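J.: There's a structure below that I have some questions on.
The values are calculated or read from the model by the stated rules, or taken from the named source; none is laboratory data. What you are looking at is a predicted structure, and each value in this text was computed from that prediction instead of being measured. Every residue, glycine among them, receives a Cβ derived from its backbone with ideal geometry; neighbour counts consider all protein chains shown.
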Amino acid sequence: MDGVYYEKGWLGVVFTLMVAGFILLNIYRARKTSGKLFIRRIPGLNAIDDSIGRATEMGKPVLMVPGIGTLNAISVQALQIFAYVTKTAAKFANPIRLCCLDPAVYTVAQEIIRDVYQTEGVPENYDPDSVRFISDRQFAFAAGVSGIILRERTAAAFLMGEFFAESLILAETLNSIGAIQVACSTEITQTPFFVAACDYVLIGDEFYAASAYLSRQPVLVGSLVGQDWSKLAIAATILLGALVNSADGLKRVPDEANEGQTRALKADEKMITDLFSPKKPEWKPAGGTQ
Amino acid sequence: MEAGWRHAVIPWLAQAPAAPALNMWNAPAGTPEIWMKVGIAMLAGFGLLAALIAAPTRLRRPISGAFIFLAGLFWVLVFLFPKPIDSQTPHEQRPRGFVQDVSFWLADAIPVVSNFSNILTAFILGLGVFSLVRIHLMRVAKKQNDWPFSVVLLVSMVAMATFGYWDWKTRLDLGGAKVDEAWPLAAYGKDLLFDGMLQVMEAAMFSLIAFFILSAAYRAFRIRSVEATILLCAALIAMLNLMGAVVVTWDGMIESFGKDNAFVMNFTLSSVAGFIRDNLQTPGIRAIDFGIGLGALAMGLRLWLSLERVGGN
Amino acid sequence: MANEKTIWEKLQAIDRRVLYTLLMVIATVSLFFKVNVPTKPGQPTKDLYRLLVDDEALPEGSTVILQSDWTQSTRGESAGQMEALLRILMRRNIKFALLSVADPQAPLVARNVIRAINLERKAKNQREYQVWEDYVNLGYFPNAEGTSNAIAANFKTAVAGRKETPPGSATPLDVFQSPVLSKVSKVEDVPVYINVTGSKTSNILIERLGGRVPFAALVTGVMGPETLNYYQSGQVKGVAIGLNGVAEMESLMEKGLVETGKPEVKSFAGETNYGRGMAYYLALHTCLVLMIVAVVVGNVAMVAARKKK
Amino acid sequence: MQSESYPIIKLFVGVACTVGLYSVLYRETKFYRFFEHMFLGLAAGWAMFALWGETLKSTWWDRMVGSVADEGNPAVPGYWAWALLLPIGVMAYFVVSKKHNWISRIPIGIILGLWSGQQVQVWFTRYGPQMQSSMKPLFPTTWSEFITPLQPEAGAVYPAQVIGNLIFLLTLLSAMSYFLFSFETKSKLFNGMTTWGRWLLMIGFGAIFGSTVMTRFTLMIDRMYFVFIEFFQQGLIPLIGGR
């Protein structure tokens, strides 16, 4: 039965498996060395302790927003960083406000934050109202969080995770009351607004590096090293591919149309096309418009 | 097992029209059979819940890990198996064999599995609404600061939910077209609250960003450091390029220098902005994107294989 | 220490509210002037126009899938895009199946636009677009990722069970019996998959559709840079970005498209081509000028204040 | 029939809501607080409705119990196993229990598991083409002209294009080098590259900022259109006897 399947192209599978392999291998390595692999300093992260310190001095709450994405690795990652923030805040008995948009994220946040207070030995300081579900609609959420910011005059704020348009509403509102902000959005479109309005910004996957840097858990450190290997692999592939592509561009083949002449390769005859977008088997739609 | 193992084992996940019309996983609608089966399934589910409550502590991690693994496994299998081009191929014409069976089954199951997260999140929404209602009821009960505003919140919530369901019910009973013609009270209520207020407020909140963007740009775009200066220049060029009138004027000026000179034509605003976009902005974004993608993939792997704990101990 | 601030210091720290008021006034005043600001359409918009109007890319009378993922909150940009798109589709008798994955309200909002364009056509004595015959509304599908995956895998089962009432009939029927979808069972069966979006559903679609069908997008300005990334890598065939895109589409509709080395694409001169895009375009210009002036004033004041010291 | 005065009432309410929320630009007042709480209430109310009316009814309940045949539509059998999702969803509520809160991790785990698996599935679909399109030719195929002419020969690569492609590649690589976290190097070249990488990122950010401005301004312009044209000019003025 030819032509019933999409040709997958082996490269995608091999590349994905290779990346997964790098990550798992380095997690294994890091576990063996109990996390003593090197991670460079990430400037924005040193600001975390300072800002909590300032909030404590002023006796004002620390605001945390794990983005408005659904429950996924990004919001979980943000909550892991917030666990660290809460730990510091709990030490100084500083009030916190964690505002969620997604009910599932809210559920996880509740569990994580309560757990932090428990492990810090101050379960009585945990206020169930400090982790709040505000609204599941983007702009109602923005309005609600702005209200909290303006009324409670939060002194430090951590905006981390998947932010969309509301990023600037929150950041400028915080700026107008002079709060220190540490921010990061995995959405590249929002990073410029954080860069413009916030004090410290984590760019791109500095966000993913953050919890490895803060916690030094072997799993996270190893994974980060694995990601670095994968980045190098991507960069090398691109370089190599560019060279192969350039060589293909210089190649001449006999022209079928004009005997005795030569022509350059067509786009779909080039090697990288073959590797990255393999041809699909011929398939005639059953009843499509002709 | 003539029809292939997948037709007997788990056609629930693959509710494809091609599957045998009735099998052990379904029952005709409206019959006592379906209600009984649904009831038994729910009971079984709550039985599982009871079993979990009784589960010993040491089993907790393996159990939750198993659930994560199985959930993730589905998509990993989708990734690894070849995809049928036409998953609507009738049963009789489908190729036989393990790989083919699995890949057809996976293709049939995607629309079903795709809904799981959403349905579960919907069930969990109650938890969020409960938290909201609790906070505001407490505030009203204790006459805390701003309690009248909590009353406003609770009243508008009840009003919206009531009119929402009322209108929905009317539409089910009468048919949508009739409601649009007759406009009963329910339709007015829902339209005013939702269309007239909620949606307008969302648009208003969204548009506030225009003001914030102005004040943020005014404050941040100063030639203080190399970074800020670069940011400023790139933003200025992008903004100029957004104004059709400026583009037309500028490019017209350039064209007057030499419409046929390829070198001169490189200095049209659209070419300059295009060059920045194609050769500086795109690779920059792409570099960040590679990192974010790898981060997400790595985090996905760690979660899937339960290498990283989520939540408390 | 003298409390008296110099003019430069004042200009460095203009109160936010002054800026806000200026912006509001300038935007409002500009709206009352009706001017057709000239445009110079960019390549992505030109490609989109070619894809939609060229008979080879999109044969007259064929069916497209139109995913409309915007609501009131991005009305400013998306409504103009949707209006321009629908004007083109209706003038070319292209049937469309409408669906949404972003918001339950999106199908309703889209229906309102269809109604408005139909009124416009009625006023001009043109044929009105009919449900069932010319378009079907598949409605809202929760979960963007899941639905996009399902649509890519199997369009027919992904949208199974959706009904629409044919004119003159009392009972709703399965949409696949309609003339719109009778020949469509997979996404490959449509010549173009179009997405008008106020969020990032276009990215999700691109990832899931994986090049199975030519994909065109009309996105907000925010999503522009990211979508251009996909445009450059060929995953999106044509894209209109934000209000600028609308204004460009509108002027392409008025003037047609002539490109060297490619067949000419016709215009719709004589019809209502300028709409919401042009209505807002002047205000966009004045607001941007205000922004640029504000930034320049801030910088000049900063430099001047420094020099004085 | 819809009442004739209803559209203007609806517009008026909408304008009031807009003004209410805009008042926060001045400062946070009781006026804003009123509209903020109303907004949150309406959103929560809508969520309670949409929960069933927009999500569970169609994606869960109808599939579980099926539907009987009516005119023109065949019967669809119900799939009882959907019922299992309800107890799983209920498990999330155990998060409030001090003793059994771990049970909430099961629905959470399923959601996270599905997400994680999808990452593996879509990773190459998303990044493969981006890698491919970054492999731009680095040797010119023609030296006939240095600058790309206005009517370039199809498929030819001109030296000027190669320079552009080199800039592309260098930007990509130096920006990527900025995101390497586990390498410590004293190499001036590498450190210089990461600094460059950060600056080049700023160009991208500036350009994004610039192009986002369009959307934001347009949405504000649209609201002004709503208040001043749709409400005042087209709604109110005719009503009070203007033109």
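J.: So which helices (runs of 4 or more DSSP H) are wholly in segment B:229-313 and hold at least 3 residues that are more than 8 Å from chain D (Cβ to nearest Cβ), in contact with a Ser or Thr (Cβ under 7 Å, 6 or more places away or on another chain) and farther than 30 Å from D:Lys98 by Cβ?
T.: The helices (runs of 4 or more DSSP H) meeting that bar are B:244-257, B:282-304.
J.: A further question follows. From B:Leu127, B:Leu154, which residue is assigned by TED's automatic domain parsing to the domain that holds B:Asp191, surrounded by fewer than 22 Cβ atoms within 10 Å (Cβ to Cβ) and either modelled with pLDDT of 90 or more or farther than 30 Å from A:Thr16 by Cα (or both)?
T.: Sole residue among the options that is assigned by TED's automatic domain parsing to the domain that holds B:Asp191, surrounded by fewer than 22 Cβ atoms within 10 Å (Cβ to Cβ) and either modelled with pLDDT of 90 or more or farther than 30 Å from A:Thr16 by Cα (or both): B:Leu154.
J.: Given the criteria modelled with pLDDT of 90 or more, surrounded by 24 or more Cβ atoms within 10 Å (Cβ to Cβ) and closer than 30 Å to A:Arg137 by Cβ, does B:Leu231 qualify?
T.: Considered against the rule, which asks whether it is modelled with pLDDT of 90 or more, surrounded by 24 or more Cβ atoms within 10 Å (Cβ to Cβ) and closer than 30 Å to A:Arg137 by Cβ, B:Leu231 comes out as no.
J.: Pull out all pairs, ordered by first then second residue, where Cβ-Cβ is under 7 Å, the residues are six or more apart or on different chains, the first lies in segment D:215-243 and is touching a residue at least 40 places away in the same chain (Cβ under 8 Å), and the second is part of a helix (DSSP H, G or I) and of a type in the set (Val, Ile, Thr).
T.: Short answer, once both residue conditions are applied: D:Arg223/D:Thr18; D:Val227/D:Val15; D:Val227/D:Thr18; D:Phe231/D:Val15; D:Gly235/D:Ile8; D:Leu239/D:Ile8.
J.: Of all residues being modelled with pLDDT under 85 and in a helix (DSSP H, G or I) in segment A:18-48, which is farthest from the other protein chains (Cβ to nearest Cβ)? Just the residue, please.
T.: A:Asn46
J.: Return the residue satisfying two criteria in turn: it lies in segment C:273-309 and is of a type in the set (Lys, Arg) and surrounded by fewer than 22 Cβ atoms within 10 Å (Cβ to Cβ), and of such residues it is nearest to B:Thr229 (Cα to Cα).
T.: Ranking the qualifying residues of segment C:273-309, first place goes to C:Arg306.
J.: Same structure again: Between a first residue in segment C:44-66 that is over 23 Å from C:Asn137 (Cβ atoms) and a second residue that is among the hydroxyl-bearing types (Ser, Thr, Tyr), which pairs have beta carbons less than 6 Å apart while being 6 or more apart in sequence or on different chains?
T.: What qualifies is C:Pro44/C:Tyr231.
J.: While we're on this one: Please go through segment A:177-209 and pick out each residue that is more than 16 Å from D:Gly210 (Cβ to Cβ), within 15 Å of the chain's Cα centre (by Cα), in a loop (DSSP other than H, G, I, E, B) and more than 7 Å from every other protein chain (Cβ to nearest Cβ).
T.: Within segment A:177-209, A:Glu187, A:Leu202 qualify.
J.: Collect the residues in segment C:144-177 that are surrounded by fewer than 22 Cβ atoms within 10 Å (Cβ to Cβ) and part of a loop (DSSP other than H, G, I, E, B), keeping them in residue-number order.
T.: C:Ala160, C:Gly161, C:Arg162, C:Thr165, C:Pro166, C:Pro167, C:Gly168, C:Ser169, C:Ala170, C:Thr171, C:Pro172 - these are the residues of segment C:144-177 that are surrounded by fewer than 22 Cβ atoms within 10 Å (Cβ to Cβ) and part of a loop (DSSP other than H, G, I, E, B).
J.: To continue, here is another question. Counting only residues that are more than 9 Å from chain D (Cβ to nearest Cβ) and in contact with a strand residue (DSSP E or B) (Cβ under 8 Å, 6 or more places away or on another chain), give me the helices (runs of 4 or more DSSP H) lying completely in segment B:107-205 with at least 2 of them.
T.: B:116-141
J.: Next up: If you take the residues in segment D:31-76 that are part of a loop (DSSP other than H, G, I, E, B) and facing another protein chain (nearest Cβ under 7 Å), which one is surrounded by the fewest Cβ atoms within 10 Å (Cβ to Cβ)?
T.: D:Glu71
J.: Of the numbered conditions (1) over 22 Å from A:Ser211 (Cα atoms); (2) assigned to a helix (DSSP H, G or I); (3) of a type in the set (Gly, Ala, Ser), A:Ser135 fails exactly one; give the number of that condition.
T.: Of the numbered conditions (1) over 22 Å from A:Ser211 (Cα atoms); (2) assigned to a helix (DSSP H, G or I); (3) of a type in the set (Gly, Ala, Ser), the odd one out for A:Ser135 is (2).
J.: Next question, about the same structure. Condition check: in a helix (DSSP H, G or I) and away from chain D (no Cβ under 14 Å). Does C:Ala279 satisfy that?
T.: No.
J.: Quick test of your reading of the structure: A:Ala242 fulfils all but one of (1) buried (at least 21 other Cβ atoms within 10 Å of the Cβ); (2) assigned by TED's automatic domain parsing to the domain that holds A:Leu174. Name the failing condition by number.
T.: Condition not satisfied by A:Ala242: (2).
J.: Six or more apart or on different chains, Cβ under 9 Å: which pairs go from a residue in segment C:9-24 that's facing chain B (nearest Cβ under 9 Å) to one that's exposed (fewer than 13 other Cβ atoms within 10 Å of the Cβ)? Could you list them?
T.: C:Ala13/C:Lys5
J.: Would you check which residues across segment D:12-30 are assigned to a helix (DSSP H, G or I) and over 14 Å from B:Ala204 (Cβ atoms) and list them?
T.: D:Phe12, D:Lys30
Rundown of residues vs (1) surrounded by fewer than 24 Cβ atoms within 10 Å (Cβ to Cβ); (2) at the interface with another protein chain (Cβ under 7 Å from one of its Cβ atoms); (3) charged (D, E, K, R), yes/no style:
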{"site": "A:Ile113", "(1), (2), (3)": "no, no, no"}
{"site": "A:Tyr117", "(1), (2), (3)": "yes, no, no"}
{"site": "A:Gly121", "(1), (2), (3)": "yes, no, no"}
{"site": "A:Asp127", "(1), (2), (3)": "yes, no, yes"}
{"site": "A:Ser130", "(1), (2), (3)": "yes, no, no"}
{"site": "A:Ala140", "(1), (2), (3)": "no, yes, no"}
{"site": "A:Ile148", "(1), (2), (3)": "yes, no, no"}
{"site": "A:Arg151", "(1), (2), (3)": "yes, yes, yes"}
{"site": "A:Ala157", "(1), (2), (3)": "no, no, no"}
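J.: Scan D:Glu184, D:Glu145 and give me the residue that is acidic (Asp, Glu), in a loop (DSSP other than H, G, I, E, B) and within 13 Å of chain B (Cβ to nearest Cβ).
T.: When all the criteria are applied, what remains is D:Glu145.
J.: Would you mind telling me which numbered condition in (1) touching a Pro at 6+ places or on another chain (Cβ under 7 Å); (2) closer than 28 Å to D:Met220 by Cα C:Met291 fails?
T.: The failed condition is (1).
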